[in-house]
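The values are calculated or read from the model by the stated rules, or taken from the named source; none is laboratory data. All figures in this text were calculated on a predicted structure; none of them were measured in a lab. Quick reminder, even Gly has a Cβ in these numbers, built from the backbone with ideal geometry, and neighbours come from all protein chains shown. Please note that ligands, DNA and RNA were not included when accessible areas were found on the heavy atoms of the full protein model with its side chains. Shrake-Rupley method; radii C 1.70, N 1.55, O 1.52, S 1.80 Å.
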Amino acid sequence: DQEEIDGRSIYVGNVDYKSTHDQILAYFQSCGTVNRITILSDKTTGHPKGCCYVEFLNKESINNAMALNDSIFNDRQIKITPKRTNLPYYMRNPGGTRQFRGARGGIRGGAAGKKKNYLFIYLLINSVWSFIFFFVFVCVCIYVF
């Protein structure tokens, strides 16, 4: 159901921060019947982020709205793209195959492998010091008793 809704929605970027719901509705009303407008805002401050989603009643309205790409709305050049469906993380990469990004060790920039090496060195040093302490303790016990 979400994919069907996203199939008749558009993303509008570079929207003026002072734009209202009614202004956006009036601008896209010529493309087709607007079902819903979602103006994205910052969670902490409540200020608009400068983008919104416009959901139409039918899919044909998207083609009309795409014709308004790079047009001027409230003195700003807006960017319009079809809305994409966000997939949960576990569904983005089916089969568990790992995607590598660049030559620095994959997804996390190579830090995971370095941490494992540091842990190995830390454990090795601690085990060496533990052996030395145990050896000295045994020698002292033998000498004293």
Sort the following peptides by mean Cβ neighbour count (other Cβ atoms within 10 Å, averaged over residues), highest first: 77-90, 127-140.
77-90, 127-140
Keeping every protein chain present and rolling a 1.4 Å probe, give me the accessible area per residue for segment 1-85 in Å².
62
Label point at Arg76 placed 7 Å out along Cα→Cβ; residues across segment 39-59 whose backbone nitrogen lies under 17 Å
39-43, 45-54
Quick check: residue separation of Asp22 and Asn58 times 0.36 nm, minus the Cα distance between them. What number comes out in nm?
11.0 nm
